[in-house]
Amino acid sequence: MRRHVFAALAAAGAIAVPAAAAATSSHDDTIAITGHPAFNARQFSNYGPLHAARRRSRLRRRRALRGIHISPELAAIANCESHDNPRAIGGGGAFRGKYQFDYGTWASVGGHGDPAAAPEAEQDARAQLLLDRAGTSPWPVCG
């Protein structure tokens, strides 16, 4: 709103406008890039088919993780490893998350990125998968 008032006053000669300020504006750049003044280029990139596919994929993963049941054995491991803190980091940064995964073990059960940054439900699901595959051996102290 202010830009429009400013531009109208400058056009009428009511105020002096430096040449550099009058030449370009980010508002004009936004319209040129997206065709709409309400969106900038960064926001516009969030509204394409790729964004929609990513969003659907995230929703599917979340729905799949909702029904995870944590065994009492796994709950005891989580309590021992991190005091049930899904953001815990231990071992100088080598062990991360509620179950103190290292990156290799996390990747072996299908995890991507940092285990401590993953949602708690995802950590629970991946830990249950690891427990079913390998028993308590991945947790030598708490297992």
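Throughout, read-outs are computed from the coordinates displayed, never taken from laboratory work. Bear in mind that the values here come from a model prediction, so they are computed numbers and not experimental data. Note that we place each Cβ from the backbone using ideal geometry, even for glycine, and neighbour counts take in every protein chain shown.
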- Item | segment 117-132, subset of a type in the set (Gly, Ala, Ser) and more than 13 Å from ALA78 (Cα to Cα), residue surrounded by the most Cβ atoms within 10 Å (Cβ to Cβ) | ALA118
- Note on the structure: Residue pairs qualifying under the 9 Å Cβ cut-off, at least six apart or on distinct chains, with the first in segment 69-95 being of a type in the set (Lys, Arg) and the second being surrounded by 12 or more Cβ atoms within 10 Å (Cβ to Cβ) and in a loop (DSSP other than H, G, I, E, B), are ARG87/GLY97; ARG87/LYS98
- Of all residues in segment 130-143 being in a helix (DSSP H, G or I) and either free of Cβ contacts under 8 Å to residues at least 12 places away in the same chain or under 17 Å from ARG96 (Cβ atoms) (or both), the one that is nearest to the chain's Cα centre (by Cα): LEU130
